[in-house]
1. Go through (1) surrounded by fewer than 19 Cβ atoms within 10 Å (Cβ to Cβ); (2) in contact with a Lys or Arg (Cβ under 6 Å, 6 or more places away or on another chain) and name the single condition Ala70 misses.
2. Look through Leu114, Leu145 and report the one residue that is under 12 Å from the mean Cα position of the chain (by Cα) and surrounded by fewer than 22 Cβ atoms within 10 Å (Cβ to Cβ).
3. Would you pick out the residues in segment 103-127 that are in contact with a Leu (Cβ under 9 Å, 6 or more places away or on another chain) and assigned to a loop (DSSP other than H, G, I, E, B)?
4. Quick check on Ala28: is it crowded, with 20+ Cβ neighbours inside 10 Å and modelled with pLDDT of 90 or more?
5. Given the criterion among the acidic types (Asp, Glu) and free of Cβ contacts under 8 Å to residues at least 40 places away in the same chain, identify the matching residue among Asp149, Asp116, Asp83.
6. Ser33: among the polar types (S, T, N, Q), farther than 20 Å from Gln109 by Cβ and touching a residue at least 12 places away in the same chain (Cβ under 8 Å), yes or no?
7. Report, ordered by the first and then the second residue, all pairs with beta carbons closer than 7 Å, sequence separation of six or more or different chains, a first member in segment 86-99 that is touching a residue at least 40 places away in the same chain (Cβ under 8 Å), and a second member that is crowded, with 17+ Cβ neighbours inside 10 Å and among the polar types (S, T, N, Q).
8. Quick one: which residue in Lys166, Lys178 is modelled with pLDDT of 95 or more, over 20 Å from Ala110 (Cβ atoms) and within 18 Å of the chain's Cα centre (by Cα)?
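The values are calculated or read from the model by the stated rules, or taken from the named source; none is laboratory data. Everything numeric here is computed off the predicted structure, so don't read it as measured data. Cβ placement follows ideal geometry from the backbone for every residue including glycine, while neighbour counts extend to all protein chains displayed.
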Amino acid sequence: MKNPRWSEELTRGLEADKARIKYGCAKALRIVSQERPELLYPHFDFFVRLLDNENKILQWEAAFVLSQLARVDTDDKFAAIFDKYFSPIIGPTMITAANVIRGGARIGQAKPHLADRIAAEVLKVSRARYQTAECRNVAIGHAILALGDFFDRLNNPRRVLHFVRKQITNSRPATCKKAAQFLKRVQSRAKDFPT
């Protein structure tokens, strides 16, 4: 990474016709965002534009990278894209929503002052419209995991607890299990917010 042009070359590689090159560059950018997000921060706006790419996989990668860049967002660029970032949660593509939901957890950890706003966005999954009701149940499972990752940063977890408690009877067994595990893990704090 000593070459200052490497990041431009990787981002340009996302436009390659060959899938091997395109997705290889996407994977490399994902890794860099995890390990050295400050190296990609100058390209923040590039990843924002990628959220609108017609290629869903590149949208998912952009959501992931932007959530990692929140850790080094000293200029608070994320504030300007907050609504855009979380808009896929309401549908129609469950996988896009799930990627954004999980990204929300990383952002909530990096920017605790946004935790309650992020939780409110994630909770929109309960009224989202995806291809099937089962897709919504899968996304709800992702939401439970994400909310658990930054639950300790919430100022008012009442709505989150209410949402998770309702999922104990979710028709998807895996989602029920995630709800039960979540409530067990946060039970001491949950006692302060009875249903």
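1. (1)
2. Values: Leu114 fails: under 12 Å from the mean Cα position of the chain (by Cα).
That would be Leu145, the only listed residue that is under 12 Å from the mean Cα position of the chain (by Cα) and surrounded by fewer than 22 Cβ atoms within 10 Å (Cβ to Cβ).
3. Within segment 103-127, no residue meets the criteria.
4. Working: crowded, with 20+ Cβ neighbours inside 10 Å: no; modelled with pLDDT of 90 or more: yes.
Spelling it out, it is not the case that Ala28 is crowded, with 20+ Cβ neighbours inside 10 Å and modelled with pLDDT of 90 or more.
5. Numbers: Asp149 fails: free of Cβ contacts under 8 Å to residues at least 40 places away in the same chain; Asp116 fails: free of Cβ contacts under 8 Å to residues at least 40 places away in the same chain.
Of Asp149, Asp116, Asp83, the one residue that is among the acidic types (Asp, Glu) and free of Cβ contacts under 8 Å to residues at least 40 places away in the same chain is Asp83.
6. Values: among the polar types (S, T, N, Q): yes; farther than 20 Å from Gln109 by Cβ: no; touching a residue at least 12 places away in the same chain (Cβ under 8 Å): yes.
So Ser33 does not fit the description; no.
7. Thr96/Gln59
8. Values: Lys166 fails: within 18 Å of the chain's Cα centre (by Cα).
It is Lys178.
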